[in-house]
Amino acid sequence: MELNSEVLGLTFQPPLILASGILDQTAESMERVVQEGMGGVVTKSIGIEPREGHPNPTVVELETGLLNAMGLPNPGIECYTKELKELKSRVKDTPIIGSVFASNTEDFILLAEKMILNGADAVELNLSCPHAEGYGASIASDLELMDEVIHEVKNSINRPVLAKLPPSGEIDEKAKVAEESGADAIVCVNTVRAMAINFETRSPILGNRIGGYSGKGIKPIGLRCVYEVYETVDIPIIGCGGVTTGRDALEYMLAGASALQLGTAIKYRGVETPKKITDEMASLMKKEDLSNLKEIIGKAHQLR
Ligand code: DHB
């Protein structure tokens, strides 16, 4: 069975893409994930200047996923281009998507241009970091600013632009604006704003107090977002949020996703996660007598 998906003129084989923020600091770690069967890679979210990120603790393990407030730590675009070039030379046939964050349109343009110049096939706009003040979260919640950022980035790079949206507010409305501004795909969804409190110390656990919740626990939220966005836009949707098994991946496709991003699942199932999920997808499809993903994508919308 051929499990591949053509999205944005790129072939993802299988339609599983490394989500931003996990194993994506170096060319070596991203190459390793590709060797383990990932069909595409999103880089770490990169900004203009190097950033150290938030104080520890930055990650809390929960029963149903992870809570993190890294604070967008990254080496800055000048330094990261070395990793990108190296990655491009190592994984020739696997699409590379450069993730960028900024607080204004000019910086987004500069970052997107550098990503493309140094080997990225497409750019993902992180419009929705759940807690870094002045970045992300405020962009997707300011529809005018989001429109400007997407429009200007699209005009400056002649490559696909993906808008990664938060699962807050009216996501279908945001997705419609993103589509009208020129986005080529919607990534649905970023982490959910959340927190953890330690009873004994009477205080929030994360150094930043508030962070982003990812993993199994947010799958129903991600599914709902993909489902609503599918009814609103005509551009492809890349599902993200708690995809852990082949069944999860196929459920997201039924809701309308053309491909999936994997992040937190890797923490629970290891670096071999893409191979495991691909095998599970194939055997479930075989059992149901399905041979093509086109028979699945969006099909949950027909039964009402
Ligand atoms: C961070 C950024 C994100 O976009 C997110 O979803 C969660 C955490 C961060 O760097 O802290």
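What's the ranking of 177-189, 83-95, 249-261 by average number of surrounding C-beta atoms within 10 Å, highest first?
Numbers: 177-189: 23.7, 83-95: 17.1, 249-261: 26.2.
Packing order, densest peptide first, comes out as 249-261, 177-189, 83-95.
Report the rotationally averaged projected area of the stretch 144-186 based on its alpha-carbon convex hull, in square nanometres.
Working: hull surface 10.7 nm².
Reported value for the Cα convex hull: 2.7 nm².
Given a Förster radius of 35 Å and the C-beta distance between SER203 and GLU106 as r, what FRET efficiency does 1/(1 + (r/R0)^6) yield to the nearest 0.05? Can you show the working numbers first?
On the way: r = 39 Å, r/R0 = 1.10.
Efficiency, rounded to the nearest 0.05: 0.35.
Keeping all protein chains in place, calculate the accessible area per residue for the stretch 227-297 (probe 1.4 angstrom), answer in Å². Intermediate results must be reported in sequence, preceding the final value.
Numbers: 2980 Å² over 71 residues.
Counting only protein heavy atoms, the per-residue value for the stretch 227-297 is 42 Å².
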#### Entry: Cross-link pairs LYS216/LYS267; LYS44/LYS88; LYS164/LYS219; LYS176/LYS294; LYS88/LYS164 - those with Cα-Cα distance over 20 Å
LYS176/LYS294; LYS88/LYS164
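Just to verify a number: FRET efficiency for GLU180 and ASN4, C-beta to C-beta distance, R0 = 35 Å, to 0.05? Write down the numbers at each step before the final one.
Numbers: r = 29 Å, r/R0 = 0.83.
So, using R0 = 35 Å, E works out to roughly 0.75.
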## Note on the structure
Computed ³J(HN,Hα) along the stretch 167-174: with the Karplus parameters 6.51/-1.76/1.60, θ = phi - 60°, integer Hz and x for glycine or proline, the list is x, 10, x, 8, 5, 5, 5, 4
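Excluding ASP172 itself, calculate the net charge of residues whose Cβ lies under 15 Å from the Cβ of ASP172, where each Lys or Arg counts +1 and each Asp or Glu counts -1. All intermediate terms of the calculation are to be shown ahead of the outcome.
Numbers: positive: LYS174, LYS176, ARG224; negative: GLU170, GLU173, GLU179, GLU180, GLU228, GLU231, ASP234.
So the surrounding residues net to -4.
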### Summary
Once amide hydrogens are built 1.01 Å from N within the peptide plane, the residues lying 5 or more places from VAL7 or on another chain with amide H under 5 Å from its amide H are PHE12
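Counting each pair of different Cα atoms once, what's the Kirkwood radius of the stretch 1-59 in Å, rounded to one decimal? Could the numbers behind the result be given before it?
Numbers: mean 1/r = 0.0756 Å⁻¹.
This gives a value of 13.2 Å.
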### Task
Restricting things to alpha carbons, tell me how big the chain is in terms of Rg and Dmax, in Å.
17.9, 55
### Query
Once the dipole of the chain is set up with Lys and Arg at +1 and Asp and Glu at -1 on Cβ about the Cα centre, which of ILE205, THR11, ILE109 lies farthest towards its positive end?
ILE205
### Task
Send over the per residue convex hull volume for the stretch 139-243, Cα only, as a whole number of Å³.
113
### Task
Report the label-to-label distance for ARG247 and THR232 in nanometres (one decimal), using points 7 Å from each Cα along the Cα→Cβ vector.
3.0
### Task
Please label the shape of the stretch 240-285 as rounded, prolate or oblate, based on the square roots a ≥ b ≥ c of the eigenvalues of the alpha-carbon gyration tensor (a/c under 1.5 means rounded; beyond that, a/b larger than b/c means prolate, else oblate).
oblate
### Task
Calculate what fraction, in whole %, of the accessible area of the stretch 137-261 sits on carbon and sulfur atoms when a 1.4 Å probe is rolled over the protein chains.
49
### Message
Counting each pair of different Cα atoms once, what's the Kirkwood radius of the stretch 196-304 in Å, rounded to one decimal?
### Response
15.3
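By average Cβ neighbour count within 10 Å, what is the ranking of 200-207, 60-67 from highest down?
Going from most to least packed, we get 60-67, 200-207.
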### the stretch 178-183 - phi-based ³J(HN,Hα) in whole Hz, Karplus 6.51/-1.76/1.60, Gly and Pro as x
4, 4, 5, 7, x, 4
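Pull out a ≥ b ≥ c, the square roots of the eigenvalues of the alpha-carbon gyration tensor of the stretch 166-209, then state rounded if a/c is under 1.5, prolate if not and a/b is larger than b/c, and oblate in the remaining case.
prolate
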### Query
Which three extents, in whole angstrom, do the alpha-carbon atoms of the stretch 1-127 cover along their principal axes, largest first?
46, 40, 24
### Task
Keeping all protein chains in place, calculate the accessible area per residue for the stretch 77-165 (probe 1.4 angstrom), answer in Å².
40
### Query
Carbon-plus-sulfur fraction of the accessible area of the stretch 83-124, 1.4 Å probe, in percent?
47
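What is the calculated FRET efficiency for MET195 to GLU272, with r their C-beta to C-beta distance and R₀ = 30 Å, to the nearest 0.05?
About 0.40, to the nearest 0.05.
Quick one: grab the alpha carbon gyration tensor of the stretch 53-205, order the square roots of its eigenvalues as a ≥ b ≥ c, and give me rounded if a/c is under 1.5, else prolate or oblate depending on whether a/b is larger than b/c. Could the numbers behind the result be given before it?
Numbers: a/c = 2.06, a/b = 1.37, b/c = 1.50.
Oblate, because a/c is 1.5 or more while a/b does not exceed b/c.
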### Query
How high is the relative contact order of the chain, in percent, counting Cα pairs under 8 Å that sit 6 or more residues apart?
19
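The values are calculated or read from the model by the stated rules, or taken from the named source; none is laboratory data. Quantities reported herein were computed from a predicted structural model and do not represent experimental measurements. Positions of Cβ are backbone-derived with ideal geometry, glycine not excepted, and every protein chain shown enters the neighbour counts. The area values use the complete protein model at the heavy-atom level, side chains included, leaving out ligands, DNA and RNA. Shrake-Rupley method; radii C 1.70, N 1.55, O 1.52, S 1.80 Å.
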